[in-house]
Amino acid sequence: MTEEEMDTHMIKNRSVVWPHFFLNTIKNKAKCRHCPKVLTAVSKNGTNHLKRHIQRCPGLATAGQSTLDDFVTRPNTQESYNYEECSNELSRMIIQTETPFLFSEHPAFNKYVKKNQSQHKETSRKVVKSKDMAQYCNIKQELISDFANNTCRFNITADGWDSGTDYSYVCITAHWIDRDWVLQKRIIEFAKLEFPHNATNYHNIIMNGINEYGLR
C-alpha cells in the first residue's frame, strides 16, 4: 500500500497518535509516517496498538524525533509537600466526619497516606486538637460579628441531652432569618446541666449562651 493510496486527511480525534499516521478510512488501515508499518484502524478497537507502535517505532528513534511519550502529560512527581496545608486539611476532615482526634495517629491511616505521598509526616492528636480549637474560635468570632450587624430578632430553643450515664446536657440553638430571607440556625451553647435539673440551672445555661454571643 503506497502513501498515495492513503487518505491523508486527519480525522477529528483527540488521540495524540493520529499525527503519526496516514489514514485510509475505506480499508480501515493506518500507515506509519515514520516507517513502512501498516496497522489496522478500526474505531471500535481503540488506538492502544497505535500508541504502542509509536512508542517503539524505529523510524522515530533513528530520526531523533519526539515519540508518544513526549506528548503524554504526566503528573508532577516533584510537587512539593506542604505539611501545614495537609495538617490543616486533616483537622477539618476530622471535625466534618466527627472522628476522634486520635485517628490522626493511627498506624493504618498514616501507612495509607504514606503510600500516596512519600513525604507525609504524621500529625499528632494534640496538633489536630489545637488547630480545630483555633478554627472554632475564629468561626465563633465571625458569628458574633454577624449577630452584632444583624438587625433581626432571634428565637432561642433549648434541648435536653442525656449521655446515657449520670450526666445531662443542654443544647442552646439560635434561629433567625438572614438578609436573604433564609432561615438560619446555630448552636451557641452546649453545657452540662448541673443537679438539680431545675428552672434556675436551665436559665443560667441559656443566659450564658445569649450573653456570650451578644444576643441580649
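No lab work stands behind these numbers, since they all come straight from the coordinates. What you are looking at is a predicted structure, and each value in this text was computed from that prediction instead of being measured. In this analysis, Cβ positions are derived from the backbone assuming ideal geometry, glycine residues included, and neighbour counts consider all displayed protein chains.
If we count other beta carbons within 10 Å of each Cβ, what is the order of Thr99, Thr157, fewest first?
Values: Thr99 15, Thr157 11.
Fewest-to-most ranking of Thr99, Thr157: Thr157, Thr99.
If you take the square roots of the eigenvalues of the alpha-carbon gyration tensor of region 112-216 and sort them as a ≥ b ≥ c, do you get rounded (a/c under 1.5), prolate (a/b over b/c) or oblate?
Oblate.
Rounded if a/c is under 1.5, else prolate if a/b is larger than b/c, else oblate: which is region 152-212, with a ≥ b ≥ c the root eigenvalues of its Cα gyration tensor?
Because a/c hits 1.5 or more and a/b exceeds b/c, region 152-212 counts as prolate.
Between Glu89 and Glu194, what is the label-to-label distance in nm when each label sits 7 Å out along the Cα-to-Cβ direction?
4.5 nm
What is the local net charge at Glu194, summed over the other residues whose Cβ is closer than 15 Å to its Cβ (Lys, Arg +1; Asp, Glu -1)? Working shown, then result.
Details: positive: Lys192; negative: Asp162, Asp166, Glu189.
Once all neighbours under 15 Å are counted, the net charge is -2.
Convert each backbone phi in region 176-192 into a coupling constant with the Karplus relation 6.51 cos²θ - 1.76 cosθ + 1.60 (shift: θ = phi - 60°), then list the ³J(HN,Hα) values in order as whole Hz, x for Gly and Pro.
Using θ = phi - 60°, the values come out as 7, 9, 7, 5, 9, 6, 10, 5, 10, 8, 9, 6, 10, 7, 9, 9, 6 Hz.
Can you list the HN-Hα couplings for region 93-98, worked out from phi with the Karplus curve (6.51, -1.76, 1.60; θ = phi - 60°), rounded to whole Hz and with x for Gly and Pro?
Going residue by residue, I get 4, 4, 5, 5, 9, 6 Hz, with x marking Gly and Pro.
Under a 5 Å amide H to amide H cut-off, with H placed in plane at 1.01 Å, what residues pair with Phe21 once short-range neighbours are removed?
Answer set, sorted by chain and number: Arg33.
Just to confirm a number: summing +1 for Lys and Arg and -1 for Asp and Glu over residues other than Asp159 whose beta-carbon lies under 13 angstrom from that of Asp159, what do you get?
Around Asp159, the surrounding residues sum to -1.
Give Lys27/Lys51; Lys29/Lys51; Lys140/Lys192; Lys126/Lys185 a once-over and call out the pairs whose C-alpha atoms are over 22 Å from each other.
Cα-Cα > 22 Å for Lys126/Lys185; rest within.
What is the sum of charges around Asp178, taking Lys and Arg as +1, Asp and Glu as -1, for the other residues whose C-beta is under 13 Å from the C-beta of Asp178? If you can, show how the numbers build up before the last one.
Details: positive: Arg153, Arg179, Lys185, Arg186; negative: Asp146, Asp180.
Here the charged neighbours net out to +2.
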